[in-house]
1. For residues that are assigned to a loop (DSSP other than H, G, I, E, B) and over 24 Å from A:Cys140 (Cα atoms), scanning just the stretch A:19-53, find the one that is farthest from the other protein chains (Cβ to nearest Cβ).
2. Considering B:Lys274, B:Lys255, which residue is farther than 18 Å from B:Val145 by Cβ and not β-branched (Val, Ile, Thr)?
3. I'd like the residue in the stretch B:193-209 that is at pLDDT 80 or above and either among the hydroxyl-bearing types (Ser, Thr, Tyr) or assigned to a helix (DSSP H, G or I) (or both) and, out of all such residues, is surrounded by the fewest Cβ atoms within 10 Å (Cβ to Cβ).
4. Give B:Phe251, B:Phe224 a once-over and let me know the one that is closer than 27 Å to B:Arg30 by Cα, free of Cβ contacts under 8 Å to residues at least 40 places away in the same chain and of a type in the set (Phe, Trp, Tyr).
5. Six or more apart or on different chains, Cβ atoms under 8 Å: show the pairs whose first residue is in the stretch A:156-167 and at positive phi and whose second is surrounded by 16 or more Cβ atoms within 10 Å (Cβ to Cβ).
6. Can you report the number of residues in the stretch B:194-218 which are of a type in the set (D, E, K, R) and within 12 Å of chain A (Cβ to nearest Cβ)?
7. Taking the stretch B:118-135, which residues are crowded, with 18+ Cβ neighbours inside 10 Å and either part of a helix (DSSP H, G or I) or of a type in the set (Ser, Thr, Tyr) (or both)?
Amino acid sequence: MKEIDIPIETSAAKRRTNPLARVFDELVRFCRSRSMFMLHYCTGCGAIELPPAMTSRFDMERLGIQPMVTPRQADILLITGYVSIKTLKRVILTYEQMGSPKYVIGICSCTVNGGMYWQSYATAKQLDQYLPVDLYIAGCMPRPEAVLEGMRKLMDRIRSGEADGWEDYYRRYDWYLGNQQHLFGDDWQTPADVIGEASHYDLAGPGTEGEHTRLLQQCQKPLEPQQTFFQIGGSLEKKGESHE
Amino acid sequence: MSIQILLMELVLMPLVAFVVGLFMVLMLRRIGAKLQRRVGPPMMQPLYDIVKLYGKKTQISHGWMHDIGIIMAVGGYVAAETLLPVPGMDGIADKGGLVTLVYVMMIPSLGLALGVGQCANPNGSIGIARALTAMLAYDVPFVIVVFGVAWYFGTTNLVDIIAIQQAGGVSGWGAIAMPLLAIAGLFALQGMLGKQPFEIYIAPAEIATGPMVEMSGKYLGGLFVMQCFQLYTAGVLYVSLFLGGGENWLFFLIKVFAVVAIPMTVAFLFPRYKTEQMIRLMWKWPVMIGLLGLAFVMH
């Protein structure tokens with residue numbers, strides 16, 4: 001443990017030596033709060049309230065919020081409605097591809113407590129057991145005013161540094177992974193190396209690794225490069241980077 | 001000109017271009033907002049976006065070529081700015097000339113192609129293939145226009161071209177003397193800026209912004225910076241060739257902003273063409289208009 005602690009102290013000490021570090025931090029936090037690219041994963045009915053929030057009636061762009069189309073470019077992951085277990089896998093894959101700092105917003109009651117799908121066997125009830133949700137916007141469905149109100153709340157939280165759900169995902173990865181394994185089975189794995197990322201950001205804590213990550217490492221299969229098949233003149237020719 | 005002044009100009013010209021480019025991006029987004037009856041982003045929004053992207057904690061690199069590609073994309077335009085004369089600053093414009101400028105303006109697309117190639121994302125590959133094809137399409141009318149202007153003024157030196165136009169007053173402007181070439185130039189401008197209807201290589205809903213699909217953090221920030229330079233370069237080049245350059249900064253900026261506003265205003269009236277439709281259109285109408293204009297100029 002001591003070997004892990006040493007780099008944490010040095011990086012913190014480095015940050016303190018720069019007299020302008022806090023000014024830069026403040027500036028970057030301000031810009032983060034005023035420029036949010038959102039990836040809306042429109043799973044349920046809440047998606048219907050987003051077009052009015054984005055277009056001429058309520059116009060999110062005046063707050064610096066604009067839609068982006070890939071997880072790499074996005075800051076906010078918007079989950080708008082119930083999440084079935086199959087969908088949740090995709091949501092987690094998407095979330096882990098996003099660049100930190102990243103924020104998750106759960107819209108509609110279904111993400112809070114399952115909503116009207118409470119009795120469904122195929123729906124994830126509480127989104128924040130599987131992903132660190134920074135903000136819930138409750139309602140069935142929340143009106144665009146409520147969505148904008150929630151966005152403003154998130155802006156305030158980003159500016160004050162409270163919106164640190166992405167750090168929580170690294171700090172308590174074992175707990176999140178345990179809940180995910182409970183739903184998806186023991187052989188659940190994603191391409192992202194979350195533990196490695198956690199140590200990269202100095203966020204690896206006692207909750208990062210545990211029994212569930214050990215289970216992950218046992219069941220983990222190495223990722224294989226994508227294989228492409230070409231049909232040439234009736235014979236099936238196989239091309240893969242691993243075999244060439 | 002002393003070496004100190006030259007060095008200062010070489011630093012100042014890209015800086016000015018960046019600042020003006022930020023306001024151009026703002027103008028484009030505001031025009032889009034106004035046409036859709038929205039309020040639009042606040043004044044400093046382009047800067048917020050860039051600072052935020054550079055301040056991201058995660059910076060996903062896909063390899064050396066990815067890094068170098070972005071540097072080429074931004075660096076190509078930085079080099080182009082030093083070849084574009086602005087009021088009071090000529091930089092190395094009188095040594096470079098139009099031909100060098102046309103060459104340098106192709107570097108960013110090629111750099112982007114190298115960088116995107118390493119991302120190994122199929123959407124990115126499709127996007128960059130379409131972008132290079134689009135470049136092939138709009139470069140033919142663009143070269144015809146540049147050749148026609150250089151023929152008419154008898155020089156490829158941008159400083160001289162601007163001086164000749166300014167000596168003749170408004171009636172000496174290239175747009176008055178060569179209206180057909182100016183129209184063909186507008187087509188090329190639309191294609192060069194990648195605005196609708198020639199926007200197929202970005203196509204957010206279909207191929208997830210094409211070349212930008214794997215860009216995150218400072219890589220996307222680099223592309224945002226590149227967009228500022230791109231708008232500025234295209235606008236200033238058009239103003240230098242057809243609208244008499246800038247007598248002073250006020251008229252210069254008014255002209256440049258007006259020129260850049262045209263593609264954006266046109267953009268919202270159109271859906272997008274497919275790549276082959278774009279090539280057919282680019283190689284038919286602007287080329288025909290350009291060649292006709294060239295015939296009048298050379299006659």
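1. Selected residue: A:Pro19.
2. Working: B:Lys255 fails: farther than 18 Å from B:Val145 by Cβ.
Exactly one of B:Lys274, B:Lys255 is farther than 18 Å from B:Val145 by Cβ and not β-branched (Val, Ile, Thr), namely B:Lys274.
3. Only one residue fits best here, namely B:Ile207.
4. Matching residue, one of B:Phe251, B:Phe224: B:Phe251.
5. Correct list of pairs: A:Gly161/A:Arg29.
6. So the count comes out to 3.
7. Taking the stretch B:118-135 first, the residues crowded, with 18+ Cβ neighbours inside 10 Å are B:118-119, B:121, B:123-128, B:130-131, B:134-135.
Those that are crowded, with 18+ Cβ neighbours inside 10 Å and either part of a helix (DSSP H, G or I) or of a type in the set (Ser, Thr, Tyr) (or both): B:Gln118, B:Cys119, B:Asn123, B:Gly124, B:Ser125, B:Ile126, B:Gly127, B:Ile128, B:Arg130, B:Ala131, B:Ala134, B:Met135.
Here is a yes/no grid of residues against (1) touching a Ser or Thr at 6+ places or on another chain (Cβ under 7 Å); (2) surrounded by fewer than 19 Cβ atoms within 10 Å (Cβ to Cβ); (3) of a type in the set (A, V, I, L, M); (4) more than 30 Å from B:Gln165 (Cα to Cα):
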| residue | (1), (2), (3), (4) |
| --- | --- |
| B:Ala17 | no, no, yes, no |
| B:Gly21 | no, no, no, no |
| B:Ala33 | no, yes, yes, yes |
| B:His66 | no, no, no, yes |
| B:Leu84 | yes, no, yes, no |
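The values are calculated or read from the model by the stated rules, or taken from the named source; none is laboratory data. Values in this document were obtained by computation on a predicted structure and should not be read as measured data. Neighbour counts run over all protein chains shown; Cβ positions are idealised from the backbone, glycine included.
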